[in-house]
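The values are calculated or read from the model by the stated rules, or taken from the named source; none is laboratory data. Fair warning: this is a prediction, and the values are worked out from it, not measured in the lab. Here the Cβ positions follow ideal geometry from the backbone for every residue, glycine too, while neighbour counts run over all protein chains shown. Keep in mind that these areas ignore ligands, DNA and RNA; they rest on the heavy atoms of the full protein, side chains included. Shrake-Rupley method; radii C 1.70, N 1.55, O 1.52, S 1.80 Å.
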Amino acid sequence: MREVAWRLFASEYNDATLEMDGGGERAPSYVVTPLGAKVNRVFVVGVITDVRERRDGYPADVARPRLRPTGTFRIYAGPVPA
């Protein structure tokens, strides 16, 4: 069963500095926000304002879009490694 997706402002997510590893091979990782929420999934809504290709050691088909709802979420999107 999937965990609940949290609704966060971009600034709150970007200010999170604590990361918790689940410890196992398939265990989820978490980010702890400044307000204390333990987040595994984030529900994001906004407008893609810019899309660039990654060129620093990543394959050419990896994109770096910027999503601007109430701040900036930086997203990396590409194929899942085999």
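Take Arg2 and Phe43, extend 7 Å from each Cα along the Cα→Cβ direction, and tell me the distance between the two endpoints in nm.
1.1 nm
Keeping all protein chains in the complex and leaving out DNA, RNA and ligands, what accessible area do you get for Glu12 with a 1.4 Å probe, in Å² to the nearest 10?
Around 40 Å² of this residue is reachable by solvent.
Ordering Thr72, Thr49, Thr17 by how much accessible area each has at a 1.4 Å probe, largest first, what is the list?
So, going from the largest accessible area down, we get Thr17, Thr49, Thr72.
Would you list Arg2, Arg26, Arg64 from the most to the least accessible area, probe 1.4 Å?
Result, largest first: Arg26, Arg2, Arg64.
Using only the heavy atoms of the protein chains and a 1.4 Å probe, how would Met1, Met20 rank by accessible area, largest first?
Solvent-accessible surface, decreasing: Met1, Met20.
Using a basic spin-label model with each label point 7 Å from the Cα along Cα→Cβ, how many nm lie between Val51 and Glu25?
3.5 nm
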